[in-house]
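First comes the structure, then the notes that go with it.
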Amino acid sequence: MEKWAVITGASSGIGMELAKLYASRGYSIVLVARRAERLLELAMSLETDTRVIALDLSERINCESLHEQTKDLDVRLLINCAGFGAAGRFDEIDLDKQTEMTQLNCISLMTLTHMYLNDFKKTDCGTILNVASSAGLLPGGPNMAVYYATKSYVVSLTNAISEELKDVHSNVKIAALCPGPVKTEFNDVAGVRFALNGITPQYCAKCAALGLDKGERIIIPEAKMKLVYALNKILPQSLMLKGTGFQQKKKTQGRKFSR
């Protein structure tokens, strides 16, 4: 029976590159995103069986629909890559946008993780990769407050579930991918420009797969972000917050914020 990977946010960036990578590893791929035309174009380029499911996962009913539509498949890998960010002062960014961000980045990811995790535990086989961010490893992100908070949620949730799986000696694995800046559509959606040089989504996907192969729980592709993570453990939070806020403010200079 062929093994399948379900990949959300597959229409561009990291999600698209992970789809290509795991297709090359022999997985059949379920491509999930809002933009059906992008998914169909990607599906045509993959030399493997594919299933295209166009859904807005910010609504819980669509998360449940995705799970239902893949029940007939031998899903071995879930990659939660759908998400977006918005930059600016917390009190100035539209509340509806921040609510939608929290719903997609946190609640939808949690919902899909819960449903597929229970499937995986029944067979004692399967892997979940939650795409977080280096933002989730820091104490907070002034000028991107809600985005940083959502990614901290993803990291915390992943760490806790990983420990719970170890407690019951499960063979199911879960990990969080925590890259720094990646050259994707993220900045255009968030309304920012890079303050630091970003890695390519291809390199990020490769590091993610290698990290899963090694059994890493927190996967950080770049050496410089590993250093920032280490510094976060020893430097005062006030200093880290000030530095992070400065970097985010640089990103937003001269830009408008849009979904």
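Quick one: is Ile61 β-branched (Val, Ile, Thr), surrounded by 17 or more Cβ atoms within 10 Å (Cβ to Cβ) and modelled with pLDDT of 95 or more?
Details: β-branched (Val, Ile, Thr): yes; surrounded by 17 or more Cβ atoms within 10 Å (Cβ to Cβ): no; modelled with pLDDT of 95 or more: yes.
So Ile61 fails the test.
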Exercise for the section: Could you list, in sequence order, all residues of segment 34-50 that are touching a strand residue (DSSP E or B) at 6+ places or on another chain (Cβ under 7 Å) and surrounded by 17 or more Cβ atoms within 10 Å (Cβ to Cβ)? Expected result: Leu39, Leu42, Ala43, Leu46, Thr48, Thr50
Fill in the blank from the handout: Leu55 vs (1) out of contact with any Phe, Trp or Tyr (no Cβ under 7 Å at 6 or more places or on another chain); (2) closer than 23 Å to Tyr203 by Cα: all pass except (2)
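Gly13 - would you say it is at positive phi, in contact with a Cys (Cβ under 9 Å, 6 or more places away or on another chain) and not basic (Lys, Arg)?
In short, yes.
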Fill in the blank from the handout: Pairing a residue in segment 157-175 that is basic (Lys, Arg) with any residue that is open to solvent by 20 Å² or more (accessible area, probe 1.4 Å), where Cβ atoms lie under 9 Å and the two sit 6 or more apart in sequence or on different chains, gives Lys173/Thr127; Lys173/Leu212; Lys173/Gly215; Lys173/Arg217
Exercise for the section: May I ask you to list the residues in segment 110-157 that are open to solvent by 10 Å² or more (accessible area, probe 1.4 Å), at pLDDT 95 or above, in a helix (DSSP H, G or I) and within 17 Å of Ile14 (Cα to Cα)? Expected result: Lys151
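The values are calculated or read from the model by the stated rules, or taken from the named source; none is laboratory data. Source: prediction; values computed, not measured. Every residue, glycine among them, receives a Cβ derived from its backbone with ideal geometry; neighbour counts consider all protein chains shown. The area values use the complete protein model at the heavy-atom level, side chains included, leaving out ligands, DNA and RNA. Shrake-Rupley method; radii C 1.70, N 1.55, O 1.52, S 1.80 Å.
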